[in-house]
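See structure below.
Every read-out reported here was derived from the displayed coordinates using simple, explicitly stated rules and does not represent laboratory data. Just so we're clear, the structure is a prediction, and the values are computed from it rather than from any experiment. Heads up, the Cβs are rebuilt from the backbone with ideal geometry, glycines too, and the neighbour counts pull from every protein chain shown.
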Amino acid sequence: MRRLLAVLLAISGLVVAAPTAAFAVRDVDDGSFPHLAGIRILRDFPAQVEVGRWIRVGGGWAAASPDLRTQFENDVSVTMTLDGVPQTVFTVERTNLTPDGCTFFFVDYQFLHPPLDPGDHLAVETWTA
């Protein structure tokens, strides 16, 4: 059985008129939790996660330099809710190298949630400058 997570993005108090689809992926077992189902906010694919699995929800921003990433983190605050309930948000920083040799400095805002009941659920990520 699967359930759909609709994702809605709010930026500086303005809400996008229609829910934005997200992408569901499965992460590897980290040893502490069952396998995590991951939802990426702002991906143009349906988002479904398995019943009984922990859910990792996240969305982020890529910069061309570590200084720009740091400036973004200092200037923007991110909050996230699931079904209207505020979630504890943590920050993940990564550096990725593309096949053509470009380096991106990525900051991701995520929260981890225990399994949900079957049905539709709404995740909202709000960025405030």
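Calculate the translational D of region 48-117 in whole µm² s⁻¹ from Stokes-Einstein, where the hydrodynamic radius comes from the Kirkwood formula applied to all Cα pairs, the temperature is 20 °C and the viscosity 1.002 mPa s. The estimated diffusion coefficient comes to 156 µm²/s. Applying 0.36 nm per residue to the separation of Phe104 and Asp120 and subtracting their alpha-carbon distance, the gain on full extension is 2.4 nm.
Taking amide hydrogens as placed 1.01 Å from N in the peptide plane, the amide H of Leu122 sits under 5 Å from those of Asp83, each at least 5 positions away in sequence or on another chain. Each residue of region 112-129 was assigned a 3J(HN,Hα) from its phi angle through the Karplus curve 6.51 cos²θ - 1.76 cosθ + 1.60 (θ = phi - 60°); the sequence is 10, 10, x, x, 10, 5, x, x, 8, 9, 10, 9, 10, 10, 10, 10, 10, 8 Hz, with glycine and proline shown as x. Compared with the direct C-alpha span, the chain from Val51 to Leu112 gains 20.5 nm at full extension, assuming 0.36 nm per residue. Around the amide H of Trp54, modelled in the peptide plane, lie the amide H atoms of Ala37, all under 5 Å away and 5 or more residues distant in sequence or on another chain.
For a paramagnetic label modelled on Phe90 (point 7 Å from Cα along Cα→Cβ), amide N atoms under 11 Å away belong, within region 109-129, to 110-113.
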